[in-house]
1. My understanding is that a pair violates if its Cα-Cα distance is over 26 Å; which of 46/137; 63/88; 42/152; 137/168; 19/185 do that in this structure?
2. To the nearest 0.05, what FRET efficiency results for residue 9 and residue 146 with a Förster distance of 30 Å applied to their C-beta separation?
3. What percent do you get for the relative contact order of region 43-160 when only Cα pairs under 8 Å and 6+ apart count?
4. On alpha carbon coordinates alone, what is the Rg over Rh value for region 15-169, Rh being the Kirkwood radius?
5. Calculate, axis by axis, the spread of Cα positions in region 113-152 along the three principal axes, and write the results as whole Å, longest axis first.
6. If Rh is defined by the Kirkwood formula over all Cα pairs and Rg also comes from Cα, what ratio Rg/Rh do you get for region 93-138?
7. Let me make sure I get this right: for region 70-115, a, b and c are the square roots of the gyration tensor eigenvalues over alpha carbons, sorted descending. Under 1.5 in a/c it's rounded, otherwise prolate if a/b > b/c, else oblate. Which is it?
8. Pop a pseudo-label 7 angstrom from the Cα along the beta-carbon direction at both residue 160 and residue 61 and give the gap in nm to one decimal.
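Values quoted throughout were computed directly from the atomic coordinates according to the rules given, and no laboratory measurement underlies them. Model, not experiment: these values are computed from the prediction. Every residue, glycine as well, gets a Cβ built from its backbone with ideal geometry; the counts of neighbours run over all protein chains shown.
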Amino acid sequence: LAQFNASQAVLSTGLSLSKNDKISPYDFHRSLHDGLLQQAVKEQFKLERQLLTRHHDGKPRIKPLTLIFIDDINGYRGESSQAPESLKNRFEAMVRHEAETLLANENVPLYHGCVHTPLNDTAATHGAYFAVDNSDKDEAVEQEVQEILHDKEWLLSPDNPRRFVFSKWTLREGWDNPNVFQICKLRTSGSEVGKLQEV
């Protein structure tokens with residue numbers, strides 16, 4: 001809330017609500033998703049800077065990953081993913097913006113190099129696995145799924161630019177990745193068991 005009194009509430013979005021006004025929470029669906037995505041992107045860069053540059057202290061470098069659960073598969077990989085306002089394009093714009101912001105202030109040469117990748121090839125910073133991929137014969141999708149599900153060594157290599165993994169539900173049984181440092185949940189949940197499985 002930006003302002004609040006006995007007769008009116010003004011939200012941070014600028015929307016003014018009077019007593020007995022009603023709003024649908026779904027009106028803020030996209031802005032909520034964008035806020036969560038922006039926070040996940042910002043935290044990913046913060047975590048990786050901390051964990052990839054720590055070898056100066058004699059500790060091993062660790063590449064963190066962010067797992068993002070979504071409902072909008074079509075907006076990520078389908079026909080509508082090409083639209084300027086699609087989930088995929090909005091997400092990539094956030095990644096580029098964060099990389100540009102960090103690059104302007106980065107003074108650690110090792111991490112400075114890591115931040116260049118999202119600017120040169122933003123699409124390489126993320127990938128996905130969805131159940132529908134099992135029947136997809138697109139070679140690029142098959143390679144992406146193979147890397148995410150089976151090639152953990154390459155996925156976790158600091159030389160691999162992939163930082164974000166998108167999925168709708170949990171990944172395949174047995175997908176265990178200790179390098180997932182944060183989970184961003186943009187999809188609706190079903191049962192309590194479903195929520196626990198995602199975590």
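1. Values: 46/137 36 Å; 63/88 23 Å; 42/152 24 Å; 137/168 19 Å; 19/185 32 Å.
Pairs exceeding the cut-off: 46/137; 19/185.
2. Working: r = 51 Å, r/R0 = 1.69.
Between residue 9 and residue 146 the formula returns 0.05.
3. Numbers: 87 pairs, mean separation 22.8, N = 118.
Dividing the mean separation by the residue count of region 43-160 yields 19 percent.
4. Working: Rg = 17.7 Å, Rh = 17.2 Å.
Here the Rg-to-Rh quotient is 1.03.
5. For region 113-152, the Cα extents along the three principal axes come out at 36, 19, 14 Å.
6. Working: Rg = 14.8 Å, Rh = 12.3 Å.
Dividing the radius of gyration by the Kirkwood radius yields 1.20.
7. Details: a/c = 4.24, a/b = 3.13, b/c = 1.36.
Prolate, since a/c reaches 1.5 and a/b exceeds b/c.
8. My value for the distance between the label points is 1.5 nm.
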